[in-house]
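Working notes, structure below.
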Amino acid sequence: MNPYQSLPDETLTTLAESDPAAAEALLLRYKNFVKKIVRPYFIMGADREDIIQEGMIGLHKAMREYRPDQAATFASFAAICIKSQVMTAIKNASRKKHGPLNTYISIDSSEDVPHITDNSHNPEKVIISREDKSTLENIVNTSLSNLESAILTHFLTGLSYTEIAAKLGTTSKSVDNALFRIRRKVIKQYS
């Protein structure tokens, strides 16, 4: 039996400062908690595991900075740190300076001649890529509402939720909900 299993979170955070096994026990205890908190978030250019990793970084920061003598429980403090880390990652990913990396389209490519960037050019990948692009365009043209299409267009240009909301006369929460619905529609079409 793991000796740390029965210890309360507050005791584990104190032990984790000097005992890596205690830190590992606390990280394992809260891994599903992190997954639950980060579930509704999306980072442009990242996959689900990247978002979970950001949440785990937030958990690690919570472990490092938590003080048991404060009024908050470790779980509530950790939730704040996890959300803060994920929100920072989303904010950083949506900055306009990352736009070229997140929305790159080669200016040298055309429909008939794929852009060859190295010796690993694979015709099969080119065809699959074209099919994926066609499927995505079809989803955007047929499945999205006018508001969702407008939000997606602004989001892909690198605008923040607040900026999109201001342009469209809606709330940041409406923008967030619309992007969630868009992701769900895209995932549904690809699965």
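So the values come out like this:
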{"quantity": "Chain lengthening between Arg29 and Thr73 when straightened (0.36 nm per residue, less Cα-Cα)", "calculated": "14.3 nm"}
{"quantity": "Gain on full stretching of the segment that runs from Glu163 to Glu10 - 0.36 nm per residue minus C-alpha separation", "calculated": "51.1 nm"}
{"quantity": "Cross-link pairs Lys35/Lys167; Lys61/Lys185; Lys36/Lys188; Lys36/Lys167; Lys36/Lys173 - those with Cα-Cα distance over 28 Å", "calculated": "Lys35/Lys167; Lys61/Lys185; Lys36/Lys167"}
{"quantity": "Separation in nanometres of the label points that stand 7 Å from Cα toward Cβ, at Thr88 and Leu156", "calculated": "3.1 nm"}
{"quantity": "Positive-end residue, the stretch 9-93 charge dipole about Cα centroid, Cβ charges, pick of Ala22, Ile51, Ser76", "calculated": "Ile51"}
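Each value in this text was obtained by applying a stated rule to the coordinates, not by laboratory testing. A quick note: this is a predicted structure, and the numbers were derived from the prediction, not measured. Counting neighbours? That spans all protein chains shown, and the Cβs are built from the backbone with ideal geometry, glycine included.
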